[in-house]
Each structure stands twice: as C-alpha cells, then as structure tokens.
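Working notes, structure below.
The values are calculated or read from the model by the stated rules, or taken from the named source; none is laboratory data. None of the values given here were measured: they were computed from a predicted structure. Quick reminder, even Gly has a Cβ in these numbers, built from the backbone with ideal geometry, and neighbours come from all protein chains shown.
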Amino acid sequence: MTEENKYKNPDLPLEERVDDLLSKMTLEEKMSQMIYDAAAVERLDIKKYNWWNECLHGVARAGTATVFPQAIGMAASFSEELLHDVADTIADEARAKYNEAQKHNDRGIYKGLTFWTPNINIFRDPRWGRGQETYGEDPYLTGRLGVAFIEGLQGDHPKYLKAAACAKHFAVHSGPESERHHFDAVVNKKDLRETYLPAFRDAVKEADVEAVMGAYNRVNGEPACASEELMENILRGEWEFDGHYVSDCGAIEDIYVRHKVQDSPEAAAAMAVNKGCDLNCGRVYESMKIAVEEGLLDEETIDKSVKRLMKTRFKLGMFDAEAEVPFNKIPYQVNDSKENRELARETARQSIVMLKNKDSILPLAKNELDSIAVIGPNADSQPVLIGNYSGKASKYVTLVDGIHNAVNDNTRVYYAEGCDLRTTEPSYWGNQPDAGFAEAVTAAEKSDVVVICLGISPELEGEEGAVANSDGGGDKIDLKLPGMQEELLAAVAETGKPIIAVITNGSPVELNSVTEKAEAVLEAWYPGQEGGNAVADILFGDYNPSAKLPVTFVKSMDQLPDFRDYSMQNRTYRFMEEDPLYPFGFGLSYTDFEYSGLELSQTEFNSDFSGETKVKVKIKNTGDTAGKEVAQLYLRDLEASVPVAKYELRGVKALDLAAGEEKEVEFNLTPRDFALIDNDGQAVLETGKFKIFVGGSQPDQYSQILNDQKVLSAEIKVKGEDLKLEY
C-alpha cells in the first residue's frame, strides 16, 4: 500500500477512503459503476460486482439455502425478535455463500451482498399479487418488523455490514401489477404520510437501512425513481438518508417509454440521477455519457451517486484484506444447516393462524386416530411451501408428508388430491375436472377425520410476468377459491366426517364456505420448507398456535374499493366500515388468556411533554396448556380535528405463559404516538382525549366475540396547546 492508494488503508476514515478512490477514477469508470452489473476497473483493483440479490425469506435464486415462510407468514408472528433472528440467519447463509463464490471467482447475479429486501409496502388490497412479500396492512407493524429484519440482516458490527438491506418499493406501490409501468398512484398528503411512508421512515431513521429502491409507478405525477418530493424533499431532505437509491428493474426505461415524462433514454437517465437515483437496474444509464455531452447531467452529480455506491461496497469489506472482515470467516457449513432448518420450522409454527376451532376439535389426539384423510390440491404441493423470491431447500416437507411424519405407525393416512388448483372444464381427452372427487370422498368415508388442504399458490399470484396465464398480471381478479375446490369441499362435507381446513396462500381469499363447512381452519400462508412439519405440530398439539392475521380477510369483493384507488377510505382495519370475515390481529389459541389491571403511568400530560407514558397490564393463562400470547395496544383519538382511523396499532408484546401463569407487560408510548397527520401532511399533537386499548385482538366488538376475550381500555388526556411535531 502506498500513500497514493489511501483507499486501500482500512485504518483511514471511510469518507477519506472513498474520496481518494473517486479522485482516481475517470468519468467513464464512474458511470460504469452505476449500472447493477458494475464493470471491473482492473487498474484500481475494483472487482466486477452485480448488485442484484434477493433474500425475502431466505437467500434466493442462488442455489441451496434455507427457505423460511413467506414474508406475510412471518408477519403473522407479530414478533420483532423472530424476524431479527431469521434475518441474522439469512445473513450468515448469504455470507457463507458469498465467501465461497468469491473463492471460485463467481461474481454473477444473485451472488453479491446487496439484498433488495425487505418489501415494506402496505398491503392495502387483497387482490395484489405481491402482497405476499409484505408484512401486511398496518404501518406500525410493518415498520417494527421491517426495522427488525434490516437490523438482523445488516448486523451490529461497528465498521462492517454483514449484508446490505434495501427498503422497497419507495413509495405508494401496491398494484395493479398489470399497470405498474405506466400507472400514476394519486394519493393525498394525509394518506401518504399516515399510511404509505411510516415504515420507510422507520427503516431509514431507526434501522439505518443501507439502500432504498424506487417503485415503477408514478406518485402524484412524478416517477418514483425520479421524484423531487419523495427522493429529494422527504428521503434525503427530511430524513437525511445517506445510503444509495436503486431503481426497480426497468423503471428508468419506464420514465420515457411508458410514463412519457421524458422523450429519450439520456433525458430519463439524467432526470433520475439528478433526483438521486444512484443505481440503475437496467441499461438506460449507459446513455449517461450522452446526457453529460448534452449538458443534462454533470460529473459532480455523478460523483455523489458513485460515492454513495462505493461507501456501501467499503462497508461490506470489499476493499479490505480478507482477514480484516470478520464475516469472511463464516463457513459454508452454516448454509442449510440442521439448526437453520429447525428455525424454519419454528418460524412456520409461529406464522400459522388458527381461525376456527369449533368445540375444540383441535388438537387431534394422534394416538387415538385409526385413520386420517389428507385431501386437496395443496396437500402434496411443493410450490405452496415456497412463495416467490425463494431459494431451493435441500428437503421439502409437504403437508401430507408432515402428517405422515407425525402420526404413529398404527394410524392409516389416506391421501387424495381431489382436484387441481385451476381446472374447471373437461380436458381435450375428456377427463372431467371432478374426476378425483370419488377418491377424495372414499378417503373421507374411510377416515376418522379429514384434513383438507385448499387455497392458492405462487403459480396463481405474484409479480407481473411471474404468473402464467394470469388475467391480472399477477394480481387476483377475484378472491374465490379457484378451480373446483369449493365443490370438492362440499362433496367431502357430505360424508359428515369432521373437517379441518388448512389454507395455503400469500393473500386473503374468500373463506365463507370453508368457515361454514369445516370444524377448524388453519391459515398456513406459504410456510417454507418445513411447512408440513409445522402444520402437523399444530394439528396434533405439539405446538400451541399463537399467530395473528397481519391483514384483513374480507367476506367478499363487495367490501373492497376500486383497486386503482389509493385513498385509504374503507381500506384495512383502520378505516373499514363493515365487519370482515376475519379481522386484522385475530388468531386463536389452545388455551385462554385473561387481561387485568390496566394501569397508565399518567392519565394526562402536556403537549410539550418529552417523556413516555407507561402502560402496564397483567396477562394470565387461565387454561391448562402453555401458550404464547400476542398482546396488542391500540390507540384512538376521540377528539381529532380531521378524520382519523378508528384506532391504530401502537404496541405489540409476545410472551410465553405456562398454564396458570400470570405476567405483567409494559408498553411505552411517546407523545409522537398520539399525533395525527393533518390534511397538509403535518404531524400534529392535538390536545384532547384519547383512548388506549390493550388485549389479544382489536378492540371492536366483533373481534372480541371471535376471540372470546375482553379488551381493556383507559382514557388519557393531552393538555396545553396543539403542537406540530417532526414527521
């Protein structure tokens, strides 16, 4: 190392090292680093690097890795601790795979350390095919889980990142998939800051996320990857984000081809870079040279982008000796390890929501069962374990596999597919879509109990272009169970045998007939490689279900506004006017919990108060089975000057309780938690009365009836004068 190569000195400050490297690069070399498959600059020892990698619920698209439950399933755990542990484990596997790839000089796509994860968009409409990638419909929960995942992925080393996370898709992005390349998401200032931005704010200001990805669509007329309001005013201005910004793949081309905001690739590239989009997933930035020649873009602006990109690579240890970076020592053997597979199983257990359990039919006494029928198109399906953006597990346990693994040798397991997920018409050769019904009914007739596995699969919902024969471009055009599943359920129900329905899906589907005909209903999502074992653990009582719905299950499409309407009116639990079928925050257990002794550290405070209001409550397991309870705190503004949500989640605590055990939990609320967003998008702490609710569900009467559990409440007052707060 020489004085001329200060950027190679790991003891120098990061800023100094990056500045030194940039000072040695030509304009062409700088521009070559702003495309996702960045070129090598051999003379400066800059290696070729592909920025594109994915790890939504496990290292994806790069061979074997542990496949955890899909993101929406992990969200159902309501557990920050669990998502942190999962992300930390994913980062270990990512480093292990990266270390070996480097040794073999494999620098291709999906082999790097910059992961375009997590997706923290709000799941505002159940038709959206990518809702499965999110943490649900609530801004608070999405923010908490997003922060936990980012911190787990990036690690806590004072100098190096274990991996680099990316919060996407910024912002106001949740369908329609078929229109995303030209769609303008029109949203008012209140909804923007009340619903669509909070999770991104938390990712930037609390988790210090390394990257942000812009969406395809426009937001109020501006392309999301070239938006003055989103990128300059809010992200880098208000929130002081100093990481790098990456376009969604093809989004820069959309600026001039589909949005038609510019009329050439060079103009689109200049517009995006000038607004702070540092990295192009695509090839439009190859036109930057023309943009510079035409005076649309200058080298100083390019320098800002390249500096941000290089800072990330320095933080990942890419310019330091192997021995300097502790994560380089992570061995390949941690990937797909026994311990990680067990974590996948535990995560799946914590993600499965019990929606119905009539007469406590579950758990099943497996030692008393002579026979069990496992029926349905998803019973032996590997795709329904996986979800989208996944790796490849070395072993998958389907639902029927898990049941086989769980029962004893004396229990007969009858399996019948019954029907597939799609077919409703006879085939060319004359095969009828209900040809498997007779076998399914026979299996049910010969069994003590039926487990029917219904739902949808990633083959029917997902990203635009990833779903074959999709009229919705990846979105669902309706919420009904597809194919002949309703008819199959009806035929099996005619046998009179008790039915347990296991639903696999990444988004809400209509479950009216399932709820009517089945004695018990489990929502399993896309549960990952160990999904079958996890479902069996719950069916047979080896695990007590604790998960809660992170998204509302409506009764039908009639309860939904127009898909293209980004107003939050009548959307999600916060603003819905009618009772749904199954509400956000709902989920049953094999035991009962009782809340008592709700206490507030203060019943009033001045608007200029800078401390916390402590909320304490006692929770007792009054049943005879150990269980985990997810306590939820909701806040309602009783005297708001503008329309606000019915109530909003402001705290979550998960705790394990033995039978008969009682514990006290504490929530801490800051004055910012009580603030509303006014019609101008300003956070304001208004004086007046508020109501705090704590329980195992939402505080509405319908949720309490479903949950068979009372929610406690107390009032608190804010005095003084209305006060504007930092967003």
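Assorted remarks:
- None of Val212, Val187, Val147 is in a loop (DSSP other than H, G, I, E, B), at pLDDT 95 or above and of a type in the set (Val, Ile, Thr) except Val187.
- Extreme residue, farthest from Ser77 (Cα to Cα), among residues of the stretch 45-64 that are among the aliphatic types (A, V, I, L, M) and in a loop (DSSP other than H, G, I, E, B): Ala62
- Flag if Gln682 is within 27 Å of Thr622 (Cα to Cα), of a type outside the set (Gly, Ala, Ser) and modelled with pLDDT of 95 or more: no
- Scanning the stretch 99-122 for residues that are more than 21 Å from Gln154 (Cα to Cα) and part of a loop (DSSP other than H, G, I, E, B) yields His104, Asn105, Asp106, Gly108, Ile122.
- In the set (1) outside any loop (DSSP other than H, G, I, E, B); (2) of a type outside the set (A, V, I, L, M, F, W, C); (3) surrounded by fewer than 24 Cβ atoms within 10 Å (Cβ to Cβ); (4) in contact with a Phe, Trp or Tyr (Cβ under 7 Å, 6 or more places away or on another chain), the condition left unmet by Thr142 is number (3).
- Residue ID - surrounded by the fewest Cβ atoms within 10 Å (Cβ to Cβ), chosen from residues in the stretch 216-241 that are out of contact with any strand residue (DSSP E or B) (no Cβ under 9 Å at 6 or more places or on another chain) and in a loop (DSSP other than H, G, I, E, B): Glu240
- Applying a threshold of 8 Å to beta carbon distances and a minimum spacing of six or more residues, or different chains, the list of pairs starting in the stretch 654-674 at a residue that is within 9 Å of Asn621 (Cβ to Cβ) and ending at one that is hydroxyl-bearing (Ser, Thr, Tyr) and surrounded by fewer than 17 Cβ atoms within 10 Å (Cβ to Cβ) reads Ala659/Thr625; Gly660/Thr622.
- Ile255 among the hydrophobic types (A, V, I, L, M, F, W, C), free of Cβ contacts under 8 Å to residues at least 40 places away in the same chain and in contact with a strand residue (DSSP E or B) (Cβ under 8 Å, 6 or more places away or on another chain): yes
Okay, residues lined up against (1) farther than 30 Å from Arg180 by Cα; (2) among the hydroxyl-bearing types (Ser, Thr, Tyr); (3) in the same structural domain as Asp380 (by TED's automatic domain parsing); (4) free of Cβ contacts under 8 Å to residues at least 60 places away in the same chain:
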{"site": "Val441", "(1), (2), (3), (4)": "yes, no, yes, yes"}
{"site": "Val451", "(1), (2), (3), (4)": "yes, no, yes, no"}
{"site": "Gly455", "(1), (2), (3), (4)": "no, no, yes, no"}
{"site": "Glu459", "(1), (2), (3), (4)": "no, no, yes, no"}
{"site": "Asp471", "(1), (2), (3), (4)": "no, no, yes, yes"}
{"site": "Gln485", "(1), (2), (3), (4)": "yes, no, yes, no"}
{"site": "Ala493", "(1), (2), (3), (4)": "yes, no, yes, yes"}
{"site": "Val514", "(1), (2), (3), (4)": "yes, no, yes, no"}
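- Hits in the stretch 555-570 - residues which are buried (at least 18 other Cβ atoms within 10 Å of the Cβ) and touching a strand residue (DSSP E or B) at 6+ places or on another chain (Cβ under 9 Å): Phe563, Tyr566
- Qualifying residues in the stretch 282-329 (those that are among the acidic types (Asp, Glu) and assigned to a helix (DSSP H, G or I)) - the one farthest from Lys48 (Cα to Cα): Glu293
- Cβ-Cβ under 6 Å pairs, at least 6 apart or on other chains, the stretch 155-176 side outside the structural domain of Asp471 (by TED's automatic domain parsing) and surrounded by 24 or more Cβ atoms within 10 Å (Cβ to Cβ), far side among the small types (Gly, Ala, Ser) and part of a loop (DSSP other than H, G, I, E, B): Lys162/Gly155; His169/Ala215; His173/Ala215
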